[in-house]
Every structure is written in structure tokens, then in C-alpha cells.
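The structure appears below as C-alpha cells.
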Amino acid sequence: MDEQERAEIISEQIKSAYNSVLSGFLLAIGSVRDHNEILMDGLEKVANDFVALLASDDVYQRAFVILRDSFYQKPLQFVSHSVNVATLSFFLGRNYLTAEQGRDLFLAGLLHHVGLLKKHDLSDLQSSKCFYDILSGQDLNQAVGLDIVKIYYFKNNLTMSSYLFQILQANRQIEESGKAFTASSDNKIRSSADMVRLASLFVLLLADGLNSYQAIQVVIEKHGRGFDPKIIRGLLNAIPMFPVGDWVDLSDGTKARVVTINQERPVRPIVDVIIDKSGNKFLKPLRINLREEPLLYITKPCENPEKGPG
């Protein structure tokens, strides 16, 4: 199997797993409004499958590029927003948590606004304007929906994961107070709650039309002090400012296409320089590892210069 065939298989696996989470989440929340209960068994299964797939470094490094259209999806809807927050939450915590904790973080991201279903019809939450209005309102104090989740485990005589419970509890305190969670002495719980909070913020920025470079700039410049630097670094590792395949302007006036992300220095990827400073195409792309070229750097993303008008 060559690299192209493997990439296509991975792409289909990621898309299929993502769609399974979408459908599984929609099925799980169907009875919240009428019965005040979310069906966690099916949700845990699709979460386990998705997180297990992303445990592979090869799959993980391709995931955001493959799912990028889903993250930029318009109009903003409750179900897709929740799945995107769950996915990004897991991306942020993947390198810091055990596999089980990563699964619980993913579930916490999925459930971070499920309490809204107690007050609003799903059809309203799937309406872009209504969902935006609700998210920008002041009635999020029950949005986390911890009580809804607890009811399922109580009725079925099951034990809820302590880690999932503590993350949801932390997120509820954040929503109620508008402040960072501080009650727990467990740094992992505080960090995990903040990962969900940052993931929700970032997904909304993407839905507002910013690209990943612009959204990261907003997070760092306007919200950076509200998050642990480790979590911001996790964002830079999880969401490349310059994703593979994107075009960028370099500081010497040339244009290049991103080939590989350097995990240790994600802002300095490996690129193929294709267009010279005069706008002419090189006969053969020049491959440069920007990590090894301290005087050469990316100034900003740019449009594909090879793409014709229209």
C-alpha cells in the first residue's frame, strides 16, 4: 500500500467515525426534552471508537485537515458544534491524559451545552440564529446538564466515571460564575475543564469565519491570560496555524505550500517554496524545513497563487 492509498483510507476512517459521533449524539439526546435523560450507553460507544482511532499519531496528525470543512461548517448548529467541541477538547488533552481520561474529556466536550435541551427544542438549537442568540445570552447556568447525565446512571444503576463527573462539575461552576474553575485541587480537572472552555471558544471563532491562523491570534491576544500556557501550547499543536496543503507567504517574499507540520515547532513547518519573489514559478519546488532556517519565517497565510480566477 502506497502513501496515497493509506492517506485515503485514513481519511475515510476519520470521516466515518466523525459521522458516527454526529448520529450517535443526535440519537442520545432525543429524549432529553421529554424525559430529562440522555442515553449515555450509545454515546460512550461512539466516543470510545472515535478516541481509539485518534490514538494513532498518524491519524491524529491528519485529523484536523480532514475535518476542517466540518469545523468551518455554516450555519452553526447545536449538534455539529457539540461534536466539534468534543473533538477539539480531545485534541487539546490527548498528550496529557490517559486513554480513559481522554475519552471522558471527549464526552465532557459533547455534553458541555446539553442542558440547553431542557429549555429549548432541538429544532430551535439547530437553527443558526437561535443557537447564536442562546450562546450569547445569559441563561447558560444549566447548560452543562450534569443533572441530566447523572439521571441516566442512577436509573440504570451504573457508576458514572469520576473524571467525567468532575469535569462536568467544573464546567458547570464556570458557566454559573463566569470565572475559571478553582475549587478542585486536581490540576488535571482544572486543565480539562479549561480545555472544553477553550475548545468551545475556538470552534465559535471558526464558525464566525476566521481561519485557524486568525482564530489562534484572537485566542492568544484577547484570551491568552485566561488559560494555562500549557493549554495554549496544546492548541498550537492540535490546530496548526498553517495546515498541510495551505499556501503561505514567506519573509523573503516567496510563496510556499505547507508539506509537514513540525510537532515541536508547529509555527515552523516544512514547506515547498514554489513561487519566487517576482511571482514566477520555480522549475522545481525547493523544500525547506523552517525549523532549521531561523532567518526565514511565515508572515501570513495566502491564497493559492496557482488557482485561476473564479
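The values are calculated or read from the model by the stated rules, or taken from the named source; none is laboratory data. Just so it is clear, the model here is predicted, and its values are computed rather than measured. Every residue, glycine as well, gets a Cβ built from its backbone with ideal geometry; the counts of neighbours run over all protein chains shown.
Within the stretch 103-120, residues that are over 10 Å from Val196 (Cβ atoms) have Cβ atoms under 8 Å from residues that are among the basic types (Lys, Arg) in these pairs: Leu117/Arg33; Lys118/Arg33, counting only partners at least 6 apart in sequence or on another chain. In the stretch 238-282, of all residues being surrounded by 17 or more Cβ atoms within 10 Å (Cβ to Cβ) and among the aromatic types (Phe, Trp, Tyr), the one that is modelled with the highest pLDDT corresponds to Trp247.
Residue pairs whose Cβ atoms lie under 8 Å apart, separated by 6 or more positions or on different chains, with the first residue in the stretch 237-253 and within 24 Å of Asn95 (Cα to Cα) and the second polar (S, T, N, Q) and crowded, with 16+ Cβ neighbours inside 10 Å, are Ile239/Ser212; Pro240/Ser212; Met241/Ser212; Pro243/Ser212. Per the conditions (1) closer than 22 Å to Asn237 by Cα; (2) within 15 Å of the chain's Cα centre (by Cα); (3) in contact (Cβ under 8 Å) with a residue 24 or more places away in the chain, the sole criterion not satisfied by Glu100 is (2).
Would you point out which residue out of Ile270, Ile231 is touching a Ser or Thr at 6+ places or on another chain (Cβ under 7 Å), in the same structural domain as Ile174 (by TED's automatic domain parsing) and either farther than 27 Å from Ser56 by Cβ or not hydroxyl-bearing (Ser, Thr, Tyr) (or both)?
Only one candidate passes the filter, namely Ile231.
Which count do you get for residues in the stretch 1-38 that are under 22 Å from Phe154 (Cα atoms) and either touching a Ser or Thr at 6+ places or on another chain (Cβ under 7 Å) or surrounded by fewer than 18 Cβ atoms within 10 Å (Cβ to Cβ) (or both)? Before you say what the answer is, go through the steps one by one.
Kept after step one, since they are under 22 Å from Phe154 (Cα atoms), are these residues of the stretch 1-38: 24-38.
In the following step, the residues that additionally are either touching a Ser or Thr at 6+ places or on another chain (Cβ under 7 Å) or surrounded by fewer than 18 Cβ atoms within 10 Å (Cβ to Cβ) (or both) were identified as 25-27, 30-31, 33-37.
Residues in the stretch 1-38 being under 22 Å from Phe154 (Cα atoms) and either touching a Ser or Thr at 6+ places or on another chain (Cβ under 7 Å) or surrounded by fewer than 18 Cβ atoms within 10 Å (Cβ to Cβ) (or both): 10 in total.
Residues in the stretch 67-119 that are small (Gly, Ala, Ser) and surrounded by fewer than 22 Cβ atoms within 10 Å (Cβ to Cβ): Ser70, Ser80, Ala99. Candidates Phe154, Phe165: the one that is part of a helix (DSSP H, G or I), at pLDDT 80 or above, surrounded by fewer than 15 Cβ atoms within 10 Å (Cβ to Cβ) and out of contact with any helix residue (DSSP H, G or I) (no Cβ under 7 Å at 6 or more places or on another chain) is Phe154.
In the stretch 196-223, the residues that are outside the structural domain of Leu92 (by TED's automatic domain parsing) and closer than 18 Å to Leu67 by Cα never reach a residue that is part of a loop (DSSP other than H, G, I, E, B) and at pLDDT 90 or above with C-beta atoms less than 9 angstrom apart, at least six apart or across chains.
For (1) among the charged types (D, E, K, R); (2) at pLDDT 90 or above; (3) in a helix (DSSP H, G or I); (4) out of contact with any strand residue (DSSP E or B) (no Cβ under 6 Å at 6 or more places or on another chain), each residue gets a yes or a no:
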position: Gly209; (1), (2), (3), (4): no, no, no, yes
position: Val218; (1), (2), (3), (4): no, yes, yes, yes
position: Lys230; (1), (2), (3), (4): yes, no, yes, yes
position: Pro285; (1), (2), (3), (4): no, yes, no, no
position: Ile288; (1), (2), (3), (4): no, yes, no, no
position: Pro305; (1), (2), (3), (4): no, no, no, no
